[in-house]
Amino acid sequence: MSSFTSRSGWYGLGFLALAVLAADQLTKYTVEKLSVTGSLRVLIPGVLNLVHTNNPGVAFGLGADSQTPWMAPMLIAFSVGVIALLLWLLATGRAGGHLGQIGLALILGGAGGNVLDRVLRGSVTDFIDFHLGSHHWYTFNLADSAIVVGAGLVVLELFRDWKQHPSQERVS
């Protein structure tokens with residue numbers, strides 16, 4: 001049994017998820033209070049801007065222009081389902097090893113932060129505008145960052161485990 005599935009490990013994973021959620025909400029609150037929607041502040045010229053946007057859609061602004069009244073409730077329901085699945089994976093010890101567990105805790109905190117935005121505000125506050133040369137990412141937030149890093153850790157663990165334990169079956 002992994003140390004993260006013990007009681008103290010649960011506290012650590014829970015603390016990590018709650019810390020991500022709290023940091024995400026604090027940064028969004030700060031952006032909302034100190035800037036108006038649509039404002040832009042250059043932090044590192046040519047690399048990083050602070051841009052206050054609201055995204056009623058999903059990742060990468062998909063569905064942001066939709067006038068469908070069921071979009072927000074559907075996104076909230078889907079997010080709650082994902083959160084329930086993550087909690088179940090962590091609670092039943094099916095989250096993998098250390099990297100997988102930490103990754104799922106990061107995803108859990110990020111998903112919680114974004115669903116809280118949808119419930120309280122009807123959209124997700126995004127503010128990090130990152131670009132390098134002609135490569136420009138969609139505006140994102142701390143929750144999105146935690147989700148991406150968490151997913152990366154899960155994938156890293158999967159590849160590491162696959163490399164350590166390759167399938168015994170070979171195609172002739």
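The values are calculated or read from the model by the stated rules, or taken from the named source; none is laboratory data. Computed from a predicted structure; not experimentally measured. Glycine gets a Cβ as well: all are built from the backbone with ideal geometry, and neighbour counts include every protein chain shown.
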Next on the checklist: Conditions first: (1) modelled with pLDDT of 85 or more; (2) of a type in the set (A, V, I, L, M, F, W, C); (3) surrounded by 14 or more Cβ atoms within 10 Å (Cβ to Cβ). Phe4 passes all but one, so which condition is the exception?
Outcome noted: (1)
Item to check | Among the residues listed as Ile128, Ile107, Ile76, Ile147, the single one being surrounded by 14 or more Cβ atoms within 10 Å (Cβ to Cβ), modelled with pLDDT under 90 and among the β-branched types (Val, Ile, Thr) | outcome: Ile76
Next on the checklist: Any residue in segment 92-116 that is at positive phi sitting within a Cβ distance under 6 Å of a residue that is at pLDDT 90 or above? List the pairs, counting only those 6 or more apart or interchain.
Outcome noted: Gly96/Glu157
Checklist entry - Do we find a residue being within 18 Å of Gly109 (Cα to Cα), of a type outside the set (Ser, Thr, Tyr) and at pLDDT 90 or above anywhere in segment 51-73? => result no
Item to check | Search result, residues across segment 23-38 that are surrounded by 14 or more Cβ atoms within 10 Å (Cβ to Cβ) and either of a type in the set (A, V, I, L, M) or farther than 18 Å from Gly122 by Cβ (or both) | outcome: Ala23, Thr27, Val31, Ser35
Next on the checklist: What's the number of the only condition in (1) loosely packed, with under 14 Cβ neighbours inside 10 Å; (2) touching a Ser or Thr at 6+ places or on another chain (Cβ under 8 Å); (3) assigned to a helix (DSSP H, G or I) that Trp88 fails to meet?
Outcome noted: (2)
